[in-house]
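Notes follow once the structure below has been shown.
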Amino acid sequence: MTVFRLGKELVFPHPEFADPDGLLAIGGDLSPRRLLLAYSWGIFPWYSKDQPILWWSPNPRLVLFPEKIKVSNSLRRVIKKGIFRVSMDEDFSRVIRSCAETRLEKGINTWITPEMIEAYERLHELGYAHSVETWYGNELVGGLYGVSLGLVFCGESMFSRMTDASKVALVFLAKTLQIWGFKIIDCQVTTSHLIRMGAEEIPRRTFLEILNQVIVFPNKKGSWQKDFEYLFANHFCYGKTL
């Protein structure tokens, strides 16, 4: 199958033209307009530092419907004990950098290059990219980040420096998005960790149909910190409704 080469024009081929591995296009840039257009089409960038920008739309697609998040009994006990403090949009830059650093510390290549960090920090400044932080005391020990459009949250990466820290971040993200009326979390590619937490594979065509229905809703732009703090104080109370 053909892999399309992008130029300066803000346009993508239809995701159904992706090759069997999900690779759709090469080139272009990481400007906010192009990134937001890509996400609205179910496309995301994923490449290594020595490669050009690669754009993907895999089939099947891993997604998590917020109401289907699985919270094990052991994880529920961790949350109820209040071992961790959870926040949103408190330190986006540290979260995205930690996602890259923890992979490198394990000897794993990362697609979160300085160019990618700069691009997503710009999306965060514009109110589209958001983070969830898990704290142990004053130490950032876990978290995740992604992009919000309409009623979909496109997850990008997560990290953990302490057992259960990233799981706690994901649980609070899912429960918060459910309360806010979000319909789907795009997990992009399949991992056993996400499957255990309730994510499921669906055909790309089904994912695109859902995406087209939910991105037409108004974007929840800006910092999510105050809205999350309100929910935490009035709904979650360290796991009472989890």
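What is the diffusion coefficient of the chain in µm²/s, taking the Kirkwood radius over Cα pairs and the Stokes-Einstein relation at 20 °C with a viscosity of 1.002 mPa s?
Diffusion coefficient, whole number: 118 µm²/s.
Relative contact order for the chain using alpha-carbon pairs under 8 Å, separation at least 6, rounded to a whole percent?
So the answer I get is 24 percent.
Net charge near residue 65, counting Lys/Arg +1 and Asp/Glu -1 over other residues with Cβ under 12 Å of its Cβ?
0
Per residue, how much accessible area does the chain have with a 1.4 Å probe, in Å²?
47
Give, rounded to the nearest 20 debye, the magnitude of the charge dipole that the range 53-157 has about its Cα centre when Lys and Arg contribute +1 at Cβ and Asp and Glu contribute -1 at Cβ.
With only Lys, Arg, Asp and Glu charged at Cβ, the dipole is about 760 debye.
As I understand it, the dipole of the chain uses +1 on the Cβ of Lys and Arg and -1 on the Cβ of Asp and Glu, about the Cα centre. Which of 99, 185, 52 lies farthest toward its positive end?
185
Taking Cα centroids, how far is the range 61-80 from the range 185-237 in Å?
Centre-to-centre (Cα) distance: 13 Å.
By the scheme Lys and Arg +1, Asp and Glu -1, what is the net charge of all other residues having a beta-carbon under 15 Å from that of residue 225?
Combined, the nearby Lys, Arg, Asp and Glu give -2.
Can you tell me the orientation of helix 165-180 relative to the chain, as the angle in degrees between its alpha-carbon axis and the longest Cα principal axis, to the nearest 10?
80
The values are calculated or read from the model by the stated rules, or taken from the named source; none is laboratory data. Every value quoted in this text rests on a predicted model; they were computed, and no experiment measured them. Please note: Cβ atoms are built from the backbone with ideal geometry, for glycine as well, and neighbour counts cover all protein chains shown. Accessible surface is based on the protein model in full, side chains and every heavy atom, while ligands, DNA and RNA are left aside. Shrake-Rupley method; radii C 1.70, N 1.55, O 1.52, S 1.80 Å.
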